[in-house]
Amino acid sequence: MSILFISDVDSFDNWDAVFRSKDPRAQLVECEDVDDPASIEYALAWNPPDGLLARLPRLKAIFSLGAGVDHILRDHTLPKGVPIVRAVDTNLAMRMAEYVVLHCLILSRQQRRLDAQQVKRLWVSELPVFSSDVRVGIMGLGHLGRYVAERLRDIGFQVAGWSTGHKEIPEVASFAGEGELASFLQRTDILVSLLPHTPKTHGFIGTSILRQLSRDGVLGGPAFISVGRGTVHVEDDIVEALDDGFLSAAVLDVFEREPLPEGSPLWRHPRVTVTPHCAAVTDPRSIVSSVLANIARLERGDSLENVVNVERGY
Ligand code: NDP
Ligand code: OXD
């Protein structure tokens with residue numbers, strides 16, 4: 001079966017090698033090597049150029065190279081009726097949990113202050129903040145949000161999540177919808193955004209959300225960690241909230257524009273940590289098996305797993 005590989009960031013050779021090792025019948029091809037568009041049955045894509053997928057007349061399914069699918073859905077010419085499948089993978093969830101746990105601990109253990117002290121050779125030991133006194137709030141309690149919530153809970157943080165519908169996760173408080181948003185924000189010291197980018201979440205985390213976060217927590221002001229999509233937060237509002245002392249810190253892995261433009265004030269802000277969209281990178285070794293299993297399902301006439309709801313946008 002022919003699978004078209006489309007990505008401006010992933011290595012074709014890496015993915016091709018993994019596909020070959022798992023199923024010699026799976027033939028990965030790059031756009032420039034496609035002689036006959038009708039030969040392509042599947043596409044594996046990150047940020048495909050507009051119109052490209054519509055030119056494949058026998059396409060059976062589109063697999064996203066990531067958990068997010070906004071990079072595919074923004075093409076308004078997508079072929080009708082062709083299912084879009086997103087990456088759902090424990091490995092990806094583990095990487096995301098590492099990132100969020102790391103930064104929640106850096107914030108709660110005040111590691112940046114300790115680093116600054118070391119530079120000045122200062123020996124100042126203060127009473128540590130206990131993770132059990134820090135309230136983390138995760139926006140988006142989906143596949144990644146749930147896994148992250150459980151790991152933070154295991155370390156002792158007080159964890160809550162906010163999503164469209166309520167979730168049952170032991171010792172994680174669940175808030176849902178507009179009606180419970182204010183209560184969720186008011187009990188949150190570290191806000192983590194793991195929302196997908198959809199028409200509803202576009203520009204959602206700005207001044208009015210940030211200003212509802214708790215001011216009476218142990219961190220001396222709320223902090224914000226953005227790992228979902230940069231188009232969900234508003235960078236000017238984050239900078240303003242930091243500059244007027246409302247936010248104590250921001251950790252940003254995703255941005256309104258990527259790569260983050262050189263002129264962005266975020267690069268040099270003393271209370272901002274910038275990372276280059278690397279919180280959880282899709283590993284071909286674990287994704288390829290699920291793509292092949294899904295293709296086998298389709299070929300048998302069974303339904304695909306992890307199909308995106310195009311109306312909802314995630
Ligand atoms: P899921 O689709 O499993 O989860 C999305 C969650 O967001 C769900 O809990 C959903 O609620 C909630 N949600 C969506 N829209 C709204 C809304 N309008 N209001 C309230 N809640 C909402 O996605 P994943 O957990 O797999 O991934 C989340 C995102 O993480 C991806 O879309 C991607 O953008 C990003 N990502 C970033 C990476 C990085 O390296 N920085 C790596 C991988 C992913 P409900 O469950 O009730 O429907
Ligand atoms: C994803 C990402 O969506 O890496 O998987 O951002």
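Quick notes on this one:
- Among the candidates Val274, Val218, Val308, Val291, the residue that is of a type in the set (Val, Ile, Thr), in contact with a strand residue (DSSP E or B) (Cβ under 7 Å, 6 or more places away or on another chain) and within 29 Å of Gly177 (Cβ to Cβ) is uniquely Val308.
For every residue, the table says whether it meets (1) touching an Asp or Glu at 6+ places or on another chain (Cβ under 7 Å); (2) free of Cβ contacts under 8 Å to residues at least 12 places away in the same chain; (3) buried (at least 20 other Cβ atoms within 10 Å of the Cβ); (4) within 18 Å of Ile225 (Cα to Cα).
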| position | (1), (2), (3), (4) |
| --- | --- |
| Leu141 | no, no, yes, yes |
| His166 | no, yes, no, no |
| Glu171 | no, no, no, no |
| Leu191 | no, no, yes, yes |
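- Cβ separations smaller than 9 Å between residues 6+ apart or across chains give the following pairs from region 220-233 residues that are surrounded by fewer than 24 Cβ atoms within 10 Å (Cβ to Cβ) and modelled with pLDDT under 95 to residues that are part of a loop (DSSP other than H, G, I, E, B) and small (Gly, Ala, Ser): Gly220/Ser248.
- Condition met for Thr275 (among the hydroxyl-bearing types (Ser, Thr, Tyr), in contact with an Asp or Glu (Cβ under 6 Å, 6 or more places away or on another chain) and within 27 Å of Arg86 (Cβ to Cβ)): yes
- Entry remark, region 17-37: residues being farther than 15 Å from Ser289 by Cβ and not in a strand (DSSP E or B) number 7 in total.
- Flag for Glu311 being under 24 Å from Leu59 (Cα atoms), outside the structural domain of Leu44 (by TED's automatic domain parsing) and exposed (fewer than 13 other Cβ atoms within 10 Å of the Cβ): yes
- Which listed residue is acidic (Asp, Glu) and in contact (Cβ under 8 Å) with a residue 60 or more places away in the chain, from Asp133, Asp115: Asp133
- Residue in region 242-254 that is touching a Leu at 6+ places or on another chain (Cβ under 6 Å), part of a loop (DSSP other than H, G, I, E, B) and surrounded by fewer than 18 Cβ atoms within 10 Å (Cβ to Cβ) present: no
- Residue count for region 67-82, restricted to those that are within 15 Å of ligand 1 (Cβ to nearest atom) and in a loop (DSSP other than H, G, I, E, B): 4
- Among residues of region 274-308 being surrounded by 17 or more Cβ atoms within 10 Å (Cβ to Cβ) and outside any helix (DSSP H, G or I), the one that is modelled with the lowest pLDDT is Thr282.
- Residue check: Phe184 meets all listed conditions (1) at pLDDT 95 or above; (2) outside any helix (DSSP H, G or I) but one, namely (2).
- Qualifying residue in region 226-238 (condition: more than 22 Å from the chain's Cα centre (by Cα) and part of a loop (DSSP other than H, G, I, E, B)): no
- Here is the figure for region 123-163: residues that are among the hydroxyl-bearing types (Ser, Thr, Tyr) and more than 22 Å from Thr90 (Cα to Cα) total 3.
- Region 76-92 residues that are in contact (Cβ under 8 Å) with a residue 60 or more places away in the chain and closer than 14 Å to Ser290 by Cβ, paired with ones that are in a loop (DSSP other than H, G, I, E, B) and more than 12 Å from ligand 1 (Cβ to nearest atom) (beta carbon under 7 Å, 6 or more apart): Val85/Leu304
- Conditions (1) aliphatic (A, V, I, L, M); (2) in contact with a helix residue (DSSP H, G or I) (Cβ under 6 Å, 6 or more places away or on another chain); (3) part of a helix (DSSP H, G or I); (4) within 16 Å of ligand 2 (Cβ to nearest atom): number failed by Leu92: (2)
The values are calculated or read from the model by the stated rules, or taken from the named source; none is laboratory data. Model, not experiment: these values are computed from the prediction. Quick reminder, even Gly has a Cβ in these numbers, built from the backbone with ideal geometry, and neighbours come from all protein chains shown.
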